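Q: One structure, pasted below without further comment.
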Amino acid sequence: MPVGIDLNGLGVIVTASSRGIGFNVARELLKRNARVVISSRSEENLKKALDELSEYGEVYGVIADVGEKEDLENLVSGAWNALDGVDALVWNAPNVSCEPCLVHEAGYSDWLEAARLHSVAPGYLTTLLVRRWVGEGRKGVLVYLNSVSIKEPMPPLVLADVTRAGLLQLAKSVSRTYGKRGIRAHSVLLGSFDTPGARENLKAVAEARGEPFEETWEREVLGRTPLHRTGRWEELGSLMAFLLSEEAEYMLGSTVVIDGAMTRGIDI
């Protein structure tokens with residue numbers, strides 16, 4: 001049964017979605033009656049995710065490494081065919097291989113990987129979709145999942161934070177340029193959600209510091225918010241459904257924070 005906003009068959013691509021944030025966002029959108037294409041570079045992981053998600057609604061899978069040009073092109077064409085046209089993109093990216101790592105530990109190839117995952121890939125995917133939407137006179141929505149750590153940096157995630165900060169500019173530029181055509185974009189800055197990737201990163205930090213994982217998790221995750229918990233997938237799902245719906249049209253180009261008040265600064 002749909003939950004909250006009914007997306008009424010909206011065709012959505014969710015990238016890097018065989019597990020973690022992407023998987024859970026896909027599930028929440030399916031629960032709200034979207035039709036979803038998920039992607040993964042692993043055929044095994046993709047099949048497992050499709051099996052789990054199929055009980056929630058109409059879902060398809062495309063094998064795609066978001067760091068590869070041809071895979072991005074295949075993702076758009078495959079999703080377009082499966083959904084008979086794509087209405088929206090939820091951009092989600094995997095972790096940079098070396099992270100958590102500090103600046104002095106990062107090599108040239110690490111910076112290239114970060115730029116490819118967090119800047120080039122979402123930029124090129126945006127180009128591919130906007131090109132088709134404009135060419136066919138269709139509306140479209142782009143939502144870039146990001147992190148609040150671009151506002152309040154976390155040094156072990158410096159490569160990702162530096163390279164994905166530009167997604168705010170991308171969302172604003174797309175909205176300013178194509179908003180009159182019904183094409184809009186939003187950035188969502190996430191706080192802490194309990195995912196395998198988040199736990200893997202924190203385990204590495206804990207090991208580097210020689211402290212128990214639970215102590216690191218308490219300080220770096222739970223202790224950063226007055227709610228003393230991670231975000232709930234239902235909360236993120238409701239936000240995503242709103243941004244993808246026509247009810248958020250006047251918010252085009254916006255940056256939305258969902259972080260349980262983790263960040264201490266305010267923007268005016």
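Q: Please compute the contact order of region 50-98 in relative form: average sequence separation of alpha-carbon pairs under 8 Å and at least six residues apart, divided by the residue count, as a percent. Don't skip to the answer; put the middle values down first.
A: Working: 22 pairs, mean separation 11.1, N = 49.
It rounds to 23 percent for region 50-98.
Q: Right, here's the next one. When only C-alpha pairs under 8 Å and at least 6 residues apart count, what is the relative contact order of region 120-205, in percent? Could you put the intermediate results ahead of the total?
A: Details: 74 pairs, mean separation 30.8, N = 86.
It rounds to 36 percent for region 120-205.
Q: Which far-off residues, 5 or more places away or on another chain, put their amide H under 5 Å from the one on residue 144, with H placed in the peptide plane?
A: For residue 144, whose amide H was placed from the backbone, the distant partners under 5 Å are 91, 186, 187, 188.
Q: Against the 2.2 N^0.38 Å scaling, with N counting residues, where does region 38-87 land? I'd like the Cα-based Rg ratio to two decimal places.
A: 1.13
Q: Please list, ordered by chain and number, the residues whose modelled amide H lies under 5 Å from the amide H of residue 192; skip anything fewer than 5 residues away on the same chain.
A: Those qualifying (amide H under 5 Å, at least 5 residues apart or on another chain) are 231.
Q: At 1.4 Å probe size, with the rest of the protein present, what percent of the exposed accessible area of region 2-124 is carbon and sulfur atoms?
A: On region 2-124, the fraction of accessible area on carbon and sulfur atoms equals 46 percent.
Q: Moving on. Distances longer than 33 Å among the Cα atoms of the chain: what percent of all pairs is that?
A: For the chain, the fraction of Cα-Cα distances above 33 Å is 16 percent.
Q: Would you mind working out the accessible area per residue for the chain, using a 1.4 Å probe, and quoting it in Å²?
A: That works out to 48 Å² for each residue.
Q: Would you kindly derive the ³J(HN,Hα) couplings of region 142-152 from the backbone phi angles with the Karplus curve 6.51 cos²θ - 1.76 cosθ + 1.60 (θ = phi - 60°), listing them in order in whole Hz, with x for Gly and Pro?
A: Taking θ as phi minus 60°, the curve returns 10, 10, 9, 6, 9, 9, 5, 5, 6, 8, 9 Hz for region 142-152.
Q: Strictly greater than 21 Å: what percent of every Cα pair in region 169-268 meets that? List each step's numbers first, then the result.
A: Values: 2415 of 4950 pairs.
I get 49 percent for the Cα pairs in region 169-268 exceeding 21 Å.
Q: With the full set of protein chains in place, find how many percent of the accessible area of region 179-268 is carbon and sulfur; take the probe as 1.4 Å. Walk me through the intermediate numbers first.
A: Details: 2590 of 4960 Å².
The nonpolar share, carbon plus sulfur, comes to 52 percent.
Q: Could you report the accessible area of residue 207 in Å², rounded to 10, computed with a 1.4 Å probe on the protein chains as they sit in the structure?
A: Approximately 150 Å² of residue 207 is accessible to the 1.4 Å probe.
Q: Using a cut-off of 21 Å between alpha-carbon atoms, which lysines can reach residue 139, once sequence neighbours fewer than 8 places away in the same chain are excluded?
A: Output for residue 139: 172, 180.
Q: Once the convex hull of the C-alpha atoms of region 215-262 is built, how many Å³ does it hold per residue, rounded to a whole number?
A: Enclosed volume per residue, from the Cα hull, is 81 Å³.
The values are calculated or read from the model by the stated rules, or taken from the named source; none is laboratory data. Just so it is clear, the model here is predicted, and its values are computed rather than measured. The area values use the complete protein model at the heavy-atom level, side chains included, leaving out ligands, DNA and RNA. Shrake-Rupley method; radii C 1.70, N 1.55, O 1.52, S 1.80 Å.
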